[in-house]
Amino acid sequence: MIGNIRQYLDQKTTTMLVHAFVTSRLDACNSLLFGLPDNLINKIQRVQNIAARLILRVPRHEHITPLLYQLHWLPIRQRVTFKILLLTYKVINYMAPDFISELAPLHVPTRALRSASEQRLEITFRSSTKFYGDRSFAFAAPHLWNGLPNSIRSASSVASFKSRLKTYLFRQHFLSV
C-alpha cells in the first residue's frame, strides 16, 4: 500500500506511515518472539528490511545493515530483547503488575556481598522443556537482565533506561557486524 504511493511522499511522511502501519505491528507482542529459531525471526526481519528500503528509497540488492544503522533501528531480535528488558526494569522498579513481578524475583544474597547492590534477578525457573520453557519471561528476564552492565541496570528513570539500553543493544549489534 505505502509502496504504491511512495513516489508522491517525502521521507518524513513515509517514515510516519511506516511507523503507523509496519513497525507498530512488529513491536506489538514481540516479546513472544524470544528464543524463536533464526528461520522464523528472519521472516519478520524481512518485513523490517523492506520498510527501511521503502523509507530510504534504496533498491533491493543494497545491503541492509547500513540502512538500519542510518535509521537507528534495532533489528528484530534486539527489539525483542529491548522489550523484555524494559518490562524487567519496570518489574524491578515496581511499575509492573504483581502477576508479572512474581516471575522475576530479586536476588537476595544470604550474606553481605559487594554485589548486593547490583539489582540482579534470582534464576529460579527451571524449564521442563528446552524449546518452550526457555522462551518464557520467567527464564528470559533473569538471564538477559543479569547480563546487562550495572550502569544500565541502575538507571534512575524509564527514559534514561530506554536510552542507555537502546544505545547498548545498538552498539552491540552494529559494532559486531
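Where a number appears in this text, it was derived from the coordinates with a stated rule and is not lab data. Quick caveat: nothing in here was measured; it's all calculated off a predicted structure. Here Cβ is always computed from backbone atoms with ideal geometry, including for glycine, and neighbour counts include all displayed protein chains.
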Exercise. Quick one: net charge of Arg79's neighbours, Cβ under 10 Å, K/R +1, D/E -1?
Worked result: +2
Seminar exercise, completed: Taking Lys and Arg as +1 and Asp and Glu as -1, residues besides Ser160 with C-beta under 13 Å from its C-beta add up to +4
For this session: Quick one: plug the Kirkwood hydrodynamic radius of the stretch 1-77 (C-alpha pairs) into Stokes-Einstein at 25 °C, 0.890 mPa s, and report D in µm²/s.
Result: 187
Seminar exercise, completed: With label points set 7 Å from each Cα along the Cα-to-Cβ direction at Asn4 and Leu56, the distance between them in nm comes to 2.7
